[in-house]
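Notes to accompany the following structure.
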């Protein structure tokens, strides 16, 4: 009996010593980069979905789990990007600080993925206005739990927002170089709706957000007709999705006598390796616009 | 932090799934229906889509209800094709799950236009490595194990009770249905109740620890045991033992090399099978040699 009690006592979870740096674990690289900018000096920021990882297909390895277990703060995108994992994060609320980035964005600014009212498009990082509303929400929540550093977080966020504005100005000048009728973006899956809304592109994807229901025959025919009718010069591959299905579209366009090429590879659901242009959140935006500009205007 | 508690609970949960699977898997292997687990992992898709359409929610428990209904339906169809339409067991399984999965894909394309992430991989299947994130903690910090464990432990008890109480009926109907019928044992009752239990436990295990682990543990450890013995009770016991061994060894390999836990557990189960296969081949040869010499 006393043995049993002793065993039970050893199952108690230890608390972290006060004064240690907070460990913030973010799901995607985009979240990680922004969080790093806001509280990098005052916390350890780690990311579990590395470069080139498709969040829809992500499976955690034991090291990721250890990070999550030891974390003080978990930052996730929400809107079902992390699938069932998001549900688990919500249950951890209370034990840890769980911050859902998309909670900072008013619902009327979100796009619906289908006609269905309850599901929203999770790719919010393509619109920096939306994503920064998430950052503001994050900063507010962090400030509430780390009151000592709250002012620093606020200051860092302001500095970061200035950088974001500077980039957006640069980017909008780049987009001005693309004639309005040429602003059509064709990719392999529907990740770019927010992008299209922000920068005035008409966006078409061969596949829906989910990758299980493969594209139908009609989808492909419609897409090919759309391309030939609008004389679209280029379509774009995504770094985390196979390009095979798009190649069949190109072939079909060629048969109809319309020359179309692959304009380049866009970063959609994950950032590039650290050190490259697409290795930061702002760099990713710039890289994508640059690639589209080069692909369309060639 | 006290990491070993988490490790122990992962192993305990995997072992519980392994034992549940080994007990049911032993009967399935004997009935040539070992691939039912894999079939269910696919055929739950229409259940998930329908559950979403009715409830407009992707919460786990809603998905679980839809999946459980279609899990049972899968087995009813398999039994029907096998017994009433006189199809072989493998053909019955093949027809049923590909057909149901295809219906699911069409429902998904038609009703959601591929606009939302809705498939078993992302809304239903759990992941063994993540179970310790969803904890049951009482008295501030007393850890009583992951929710997943307490979710599947009752299933294990249910399976244990059912197979203990109904052992005779299950055993005879697994080996020889005609003989069972001549003894007045109801084949249909045992078939359907066993298969219903298989549906329930696989769907619940999928939800807690993931599909590949369950499908693997349902087939490989009982098959290893089958090589070593001709006695059903011994086969079930050895199946559980191999399942637990795979869980323990697989877990530590995964931890040491930072690999997928389910992947490692199933790989170890496969290696144990290979060792048993070689052993049984050597033994049957030496037996033959002895009988020739005599």
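No lab work stands behind these numbers, since they all come straight from the coordinates. Only a predicted model underlies this, so the values are computations on that prediction, with no experimental measurement involved. Cβ atoms come from the backbone with ideal geometry, glycine included; neighbour counts cover every protein chain shown.
Annotations for the structure displayed:
- Taking other C-beta atoms within 10 Å as the exposure proxy, A:24, B:12, A:162 rank A:162, B:12, A:24 from fewest upward.
- Averaged over the residues of peptide B:49-61, the number of Cβ atoms from other protein chains lying within 10 Å of each residue's Cβ is 2.
- Binned Cα-Cα distances of the protein assembly as shown, short to long, each 10 Å bin given as a whole percent: 3, 15, 22, 23, 18, 11, 5, 2, 0, 0
- Using a Gaussian network model of chain B in which every pair of alpha carbons under 10 angstrom is joined by a spring, one finds that among B:142, B:271, B:64 the greatest mean-square fluctuation is at B:142.
- From the alpha carbon centroid of the range A:224-247 to that of the range B:245-268 is 41 Å.
- Inter-chain Cβ neighbour count for B:130-140, averaged per residue, equals 4 (cutoff 10 Å, partner chain atoms only).
- Net lengthening on full extension, residue B:282/residue B:228 (0.36 nm per residue, minus Cα-Cα): 18.3 nm
- Computed FRET value (nearest 0.05) for residue B:83 with residue A:251, which takes r as the C-beta separation and R₀ as 51 Å: 0.55
- Centroid-to-centroid separation of the range B:63-108 and the range A:63-132 [C-alpha atoms, Å]: 35
- Residue with peak Gaussian network fluctuation, chain A [Cα springs, cutoff 10 Å], from A:77, A:108, A:165: A:108
- Ordered by the number of other Cβ atoms lying within 10 Å of each residue's own Cβ, fewest first, A:129, A:72 fall into the sequence A:129, A:72.
- Using R0 = 22 Å, the C-beta based FRET efficiency linking residue A:286 and residue A:155 works out to 0.35.
- With only Cα atoms counted, the range B:64-221 has Rg and Dmax values of 18.7, 60 Å.
- Projected over every direction and averaged, the convex hull enclosing the alpha-carbon atoms of the range A:162-298 yields 8.3 nm².
- Taking the number of Cβ atoms within 10 Å of each Cβ as an exposure proxy, the fewest-first ranking of A:202, A:100 is A:202, A:100.
- Peptide A:62-71, shielding by other chains (average Cβ, 10 Å cutoff): 5
- Highest-fluctuation residue, B:157, B:244, B:93 considered, GNM on chain B with Cα pairs under 10 Å: B:157
- Nearest-0.05 FRET efficiency for residue A:103 and residue B:57, computed from C-beta distance (R0 25 Å): 0.90
- Taking the empirical scaling 2.2 N^0.38 Å for compact globular proteins as reference, chain A has a Cα radius of gyration ratio of 1.13.
- Here the extension length gained between residue A:262 and residue A:140 equals 39.7 nm, from 0.36 nm per residue of separation less the Cα-Cα distance.
- By average C-beta atoms within 10 angstrom, highest first, the peptides B:74-84, A:271-281: B:74-84, A:271-281
- Per the Kirkwood formula applied to alpha carbons, the range A:19-170 shows a radius of gyration over Rh ratio, Rg over Rh, of 0.95.
- Cα shape, the range B:3-289, gyration tensor, a/c 1.5 rule: oblate
- For the pair residue B:252 and residue A:90, label points projected 7 Å from Cα toward Cβ lie 3.9 nm apart.
- In the protein assembly as shown, the calculated helix contribution to ellipticity at 222 nm averages -20000 deg cm²/dmol per residue, counting -39,500 (n - 2.57) for every DSSP H run with n ≥ 4.
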